[in-house]
1. If Phe184 meets every condition in (1) within 30 Å of Ala406 (Cβ to Cβ); (2) out of contact with any Pro (no Cβ under 9 Å at 6 or more places or on another chain) apart from one, which number is that one?
2. Filter segment 148-206 for residues that are touching a Gly at 6+ places or on another chain (Cβ under 6 Å) and under 13 Å from Ile287 (Cβ atoms); which is surrounded by the fewest Cβ atoms within 10 Å (Cβ to Cβ)?
3. Please pick out the residue among Glu465, Glu439 that is touching a helix residue (DSSP H, G or I) at 6+ places or on another chain (Cβ under 6 Å) and either of a type in the set (Asp, Glu) or in contact (Cβ under 8 Å) with a residue 60 or more places away in the chain (or both).
4. For Glu316, only one of the following conditions fails: (1) of a type outside the set (A, V, I, L, M, F, W, C); (2) surrounded by 15 or more Cβ atoms within 10 Å (Cβ to Cβ); (3) part of a helix (DSSP H, G or I). What is its number?
5. Do you know which of the residues in segment 234-251 that are in a helix (DSSP H, G or I) and crowded, with 22+ Cβ neighbours inside 10 Å is nearest to the chain's Cα centre (by Cα)?
6. Within segment 414-437, can one find any residue that is farther than 16 Å from Val374 by Cβ, of a type in the set (Ser, Thr, Tyr) and either surrounded by fewer than 21 Cβ atoms within 10 Å (Cβ to Cβ) or modelled with pLDDT of 95 or more (or both)?
7. Can you name the residue in segment 102-123 that is buried (at least 18 other Cβ atoms within 10 Å of the Cβ) and among the aromatic types (Phe, Trp, Tyr) and is also farthest from Asp231 (Cα to Cα) among such residues?
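The values are calculated or read from the model by the stated rules, or taken from the named source; none is laboratory data. Fair warning: this is a prediction, and the values are worked out from it, not measured in the lab. A quick note on method: Cβ atoms are made from the backbone with ideal geometry, for glycine too, and the neighbour counts reach across all protein chains shown.
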Amino acid sequence: MAEPFYITTAISYPNGRPHIGHAYEAIAADAMARFRRAQGRDVRFVTGTDEHGLKMIQTARGARRDTLEFADEMSGYFRDMCSELNISYDAFVRTSEPRHYEASIAIWKAMEANGDLYLDRYEGWYSVRDEAFYDESELIEGEGGDKLSPQGTPVEWTAEETWFFRLSKYQEPLLALYRDNPDFIRPESRRNEVVRFVEGGLKDLSVSRTSFDWGVPVPGSLGHVMYVWVDALTTYMTGVGFPEREGEFARFWPADVHLIGKDIVRFHAVYWPAFLMSAGLPLPKQIFGHGFILAKGGEKMSKSLGNVVDPMDMAERYGVDALRYFLLREVSFGQDGSYSHEAIVNRVNSELANSFGNLAQRSLSMIFKNLGGVIPAPGEAEGDRALLGQVDRACEDLKREFDRFAFSVGLEAWMGAVFACNAYIDAAAPWALRKTDPERMATVLGTLVVAVRKLAVAVAPIIPESAEKLIALIDSGKGGASIAQPVPIFPRLELGEEAAA
């Protein structure tokens, strides 16, 4: 049986439509899922929406909508984004689903049975936008002297009866986890931040609310609903069948990686493993906190700031595969990155259209025109073997880099092989050989087709639709069959008027 691999995105908060940051994370997770499937792994890829909490109530109320009705609509936009961007998830989990209520109640009861939940009164600072409580020492001062969260969001003083989780009990077990598993949190900068936070001391965590009723009810505690992080984080187990411990859950849990934004690393790398330790459940193998795609001017995209970019609009303008390629090629994964209309057009044209696309188009077109569409065998000359060896090494480099989420580095190696193929075809000049040495022309073209197919297979996790079309065209020539007339895979983009903020 194939080795399992389980990857999740963060569970998106759907109080607004998805923006390019959501798309970036989904594309990266999808690329990794496709990459693992290509390695023969049995992949489970889960995404979804986190629909509970005060923020959803307030947004729905502002739109004069029933909260569940509003959540149904907004969750649908995230499904639509996944469909539009060719995101190959296996399960889409909504926190408002009955199966998720069952999972959340099960982990709550397990933590309670371990003596880690107690009833008390909470008084402190709370950010509705972050769905997070903050200590006084963490707050910053905004314009006019207002208190703000570390993310710059408004906070309000909250006082209510609440259930607490004994997070302080898990300070030393968490530090031991980080020490014994240095790759548990990646990249290293995120790990260092979390270690410093935990070393600074952990306070018990409020895990229920009584000021609203939109959420998973706390079992046996009338009027309490689970605070959003117990509820939200449990979706990662809901997606593989928890609380059922056999079957899918036994096969895929613990997750190989939770892929999340850097702003929610604390919740995933501190609270989540502590909850699981308390419940006696295995911990995920890795938390990877990626950086942000920044808006114009270097600001984080935010619905409240009004600088959100719709990924659907970008996909329509540039093409889905072009957008996917740009985002994972341009930005060093794990760090923040920015984009512009010019950067997208230049990157896509220079690397996909002019380099890889043109390489495939002119090689296959010459075969169609001069060899009746029948793909010849590759050459055996030293230069032919050297090229294919270089392509193989580049594809192995890509795999090694993708294995550690270094997508841009892997694609850099891949582009090196594409450039080598273009240098090979320019030096061999098969168009000239057509008249002087047609046999050699055929072996040159045969060598190039082998190289192009290898390169298409390697890059398929990033640009699946385009790569699959190219592979299908080449494979249609197996057994001496004639390929159809090739058409350009990557149309050139036009600069024109800038359309992206």
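1. (2)
2. Taking segment 148-206 first, the residues touching a Gly at 6+ places or on another chain (Cβ under 6 Å) are 148, 187, 190.
Restricting the remaining residues to those that are under 13 Å from Ile287 (Cβ atoms) gives 187, 190.
Details: Pro187: 20, Arg190: 22.
Step by step, filter segment 148-206, then rank; the result is Pro187.
3. None of the others qualify; the one that does is Glu465.
4. (2)
5. Step one: filter segment 234-251 for residues in a helix (DSSP H, G or I), giving 235-238, 247-251.
Narrowing the set further to residues that are crowded, with 22+ Cβ neighbours inside 10 Å leaves 235-238.
Values: Thr235: 16, Tyr236: 14, Met237: 18, Thr238: 19 Å.
So the residue we want is Tyr236.
6. The initial filter retains those residues of segment 414-437 that are farther than 16 Å from Val374 by Cβ, namely 414-429, 431-433, 435-437.
Next cut, of a type in the set (Ser, Thr, Tyr) only: 424, 436.
Still in the list and also either surrounded by fewer than 21 Cβ atoms within 10 Å (Cβ to Cβ) or modelled with pLDDT of 95 or more (or both): 424, 436.
Yes, the conditions are met somewhere in segment 414-437.
7. Ranking the qualifying residues of segment 102-123, first place goes to Tyr122.
Table: residues versus (1) in the same structural domain as Pro187 (by TED's automatic domain parsing); (2) more than 16 Å from the chain's Cα centre (by Cα); (3) closer than 30 Å to Gly480 by Cα; (4) part of a strand (DSSP E or B).
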| residue | (1), (2), (3), (4) |
| --- | --- |
| Arg324 | no, no, no, no |
| Ala360 | no, yes, yes, no |
| Leu364 | no, yes, yes, no |
| Leu398 | no, yes, no, no |
